[in-house]
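Notes for the one structure printed next.
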Amino acid sequence: MSFLRARKLSVEFPIYQGGSRSLKKALLASSTQGNLGRDAYDRINVRALDELSFDFENGDRVGLIGANGAGKTTLLKVLAGVYEPTRGRLYAGGRVTSMLDVSVGLNPDATGRENIVLCGMYINIHPRSMRQRIDEIAEFTDLGRYIDMPVRTYSAGMMFRLAFSVATSIPPEILLMDEWMGAGDAQFLGKAQQRLEELVRGSSILVLASHNLDLLDVWCNRGILLQHGRIAGTGDIKDVIEVYRNQLQ
């Protein structure tokens, strides 16, 4: 059974460039958000996440809501294992598929076919398993003969085709997304959208951060409202969206 559980999860980023006392004083004085502080070494810390606690269980479709800088992307990166919590604990059960940056892991000097195996290793899929999927993935990319050419010869759209095809080749148990996919050339976008919808429906848990409230209303059943790295509201997605919209008025 898939799950994600956080207990007083916090993430802080020290600002090493803020060396002068006058700069530190100015930053601390100008912050009305309450997410700046000092550590034991007198460094300014940005509290990107501040003691978050939640339980995501099988069947949850969670929408992360909030303004820019609220902590949505940082939370997704913690759930994906990109960031380690500064304090608190995260407990996870189930295979995590992250759609935060599908191009991570591409080797520009390797061919598209070779990158299928390399990207699979990046998402913890054994090379033998990825080699069995090469033909299927290559066909989905619609890259034709380019699949056997170095990725450095690809256009941005071609790289997206390859990266997306690899990232979505394994059905996820826990799917993390930062905004809905909207990139890629029009010819590829249609079937990519269809595959993405199939992944969302087939996943045990979805965590989706987006500024598109209507999209969250369609795909999510739970909502978490983040403000300055803290949970400001949680519950049914429609209720959380209403609270956020009222704040914007």
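The values are calculated or read from the model by the stated rules, or taken from the named source; none is laboratory data. All figures in this text were calculated on a predicted structure; none of them were measured in a lab. All Cβ positions, even for glycine, are placed from backbone atoms using ideal geometry, and neighbour counts span all protein chains on display.
Step by step: first the residues of region 234-249, then only those that are touching a residue at least 60 places away in the same chain (Cβ under 8 Å) and under 17 Å from Asp55 (Cα atoms), then the one that is surrounded by the fewest Cβ atoms within 10 Å (Cβ to Cβ). Which residue is that? Break it down into steps so the answer makes sense when it comes.
Going through region 234-249, the residues touching a residue at least 60 places away in the same chain (Cβ under 8 Å) turn out to be 234, 237, 240-241, 244.
When the remaining residues are screened for being under 17 Å from Asp55 (Cα atoms), the result is 234, 237, 240.
Details: Thr234: 16, Ile237: 21, Val240: 23.
Checking each candidate, the answer is Thr234.
Spot the failing condition for Ile205; the list is (1) under 30 Å from Ser10 (Cβ atoms); (2) buried (at least 16 other Cβ atoms within 10 Å of the Cβ); (3) modelled with pLDDT under 95, and only one is missed.
Just one mismatch for Ile205, condition (3).
Filter region 14-28 down to residues that are at pLDDT 65 or above and surrounded by 14 or more Cβ atoms within 10 Å (Cβ to Cβ), then give me how many there are.
First pass over region 14-28, keeping only residues at pLDDT 65 or above: 14-16.
In the following step, the residues that additionally are surrounded by 14 or more Cβ atoms within 10 Å (Cβ to Cβ) were identified as 14-15.
Of the residues in region 14-28, 2 are at pLDDT 65 or above and surrounded by 14 or more Cβ atoms within 10 Å (Cβ to Cβ).
Which residues, taken from region 104-125, are buried (at least 16 other Cβ atoms within 10 Å of the Cβ) and of a type in the set (Asp, Glu)?
Glu114, the sole residue that qualifies.
Would you confirm whether or not region 132-148 contains a residue that is at pLDDT 95 or above, in contact with a strand residue (DSSP E or B) (Cβ under 7 Å, 6 or more places away or on another chain) and surrounded by fewer than 18 Cβ atoms within 10 Å (Cβ to Cβ)?
There is at least one residue in region 132-148 that is at pLDDT 95 or above, in contact with a strand residue (DSSP E or B) (Cβ under 7 Å, 6 or more places away or on another chain) and surrounded by fewer than 18 Cβ atoms within 10 Å (Cβ to Cβ).
Quick check on region 76-93. Is at least one of its residues surrounded by 17 or more Cβ atoms within 10 Å (Cβ to Cβ) and within 30 Å of Pro150 (Cβ to Cβ)?
yes
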